[in-house]
Structures are given as C-alpha cells and as structure tokens.
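Right, one structure below, let's go through it.
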Amino acid sequence: DLPMAMTAHVVYAALDPEAPATQSARVVATIRQRIGFDGLLMTDDLSMKALTGPFGARVERALAAGVDVMLHCNGEPAEAAEVAEAAPRLAGRAAARAERALALRRGPGSGSGDPAALEAEFASLGAADA
C-alpha cells in the first residue's frame, strides 16, 4: 500500500543470477506481479559502485527492467548530465504512479508534530554531541 519503493543493487540469485534487482526485469516483475506493488518504483543511487558501465547504460538497463525513476545522488555534474540525458520524462503509468505518490505528501505540521517543538528537540540532540 506504500506509494513508492526503491530497488537495491543486490543480486537475488534465485530470481536472476545475472543482474542486480535495479536492472532485472525478473525482479521487477516479481515486485509488480507477485508482490502486487503498483507504486512508483525508483532505483537506488546509480552512482554507487555496485553498478558498472556508463551512466546512460545504467539508466537504460533500469528502464528496460521496468523501474520508473532513476536516482543519481553524488552531485557529480557530468554523471548527472548523462543520467538526465538518458532518462525520459515521466509518462504513462510511471507518471500516474508519481502523481499518486505526490498526492499523498503532507506538509510540516500535518501529522508530523509541532514544527517548533521538533526544531527544539533537534537542537537539543545536537547540543548533546558538543
């Protein structure tokens, strides 16, 4: 029932001994069909050392497997540009999944507690380390 999930760059040998879950159509089919997850499915960070090859190829393999959104998190501009160039705009079912997930967002204070109290608690936790 969750609106989104993230794949891992883990090889599940019983499902697909050849590819990490992020790039495995068999693993993604298990997630979608056997488990029944129809939320937004995103990759883990494509810049992690668990994947190989050019970033465009990493994106293409994840897309071919059925992942909706590609994440690149390390801040390297050249890598990010390669990911952005290879990743298409959200469309179709992926866009619908993203819209459903975004519709469930809550802003500060809407069920997340009192923002001022949370800030005070955060500040006190940081002070404990000093």
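The values are calculated or read from the model by the stated rules, or taken from the named source; none is laboratory data. All figures in this text were calculated on a predicted structure; none of them were measured in a lab. Quick reminder, even Gly has a Cβ in these numbers, built from the backbone with ideal geometry, and neighbours come from all protein chains shown. Note: areas computed on protein heavy atoms with side chains; ligands, DNA, RNA excluded. Shrake-Rupley method; radii C 1.70, N 1.55, O 1.52, S 1.80 Å.
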If you go through the stretch 3-10 one residue at a time, do you hit one that is part of a helix (DSSP H, G or I), open to solvent by less than 40 Å² (accessible area, probe 1.4 Å), touching a strand residue (DSSP E or B) at 6+ places or on another chain (Cβ under 9 Å) and not hydrophobic (A, V, I, L, M, F, W, C)?
no
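Which one of these is more than 21 Å from GLN23 (Cβ to Cβ), at pLDDT 95 or above, open to solvent by 30 Å² or more (accessible area, probe 1.4 Å) and not in a loop (DSSP other than H, G, I, E, B): ALA127, ALA96?
ALA96
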Quick one: which of ALA86, ALA80 is open to solvent by less than 70 Å² (accessible area, probe 1.4 Å), in contact with a Gly (Cβ under 8 Å, 6 or more places away or on another chain) and without any contact (Cβ under 8 Å) to a residue 60 or more places away in the chain?
ALA86
Would you mind finding the one in ARG26, ARG61 that is at pLDDT 95 or above, open to solvent by 40 Å² or more (accessible area, probe 1.4 Å) and touching a helix residue (DSSP H, G or I) at 6+ places or on another chain (Cβ under 7 Å)?
ARG61
Go through the stretch 32-58 and give me each residue that's in contact (Cβ under 8 Å) with a residue 40 or more places away in the chain, crowded, with 18+ Cβ neighbours inside 10 Å and over 18 Å from ALA96 (Cα atoms).
LEU51
GLU121 versus (1) surrounded by 11 or more Cβ atoms within 10 Å (Cβ to Cβ); (2) modelled with pLDDT of 90 or more: which is the lone unmet condition?
(2)
Out of all the residues in the stretch 44-90, which are more than 21 Å from ALA19 (Cα to Cα) and not in a loop (DSSP other than H, G, I, E, B)?
PRO77, ALA78, GLU79, ALA80, ALA81, GLU82, ALA84, GLU85
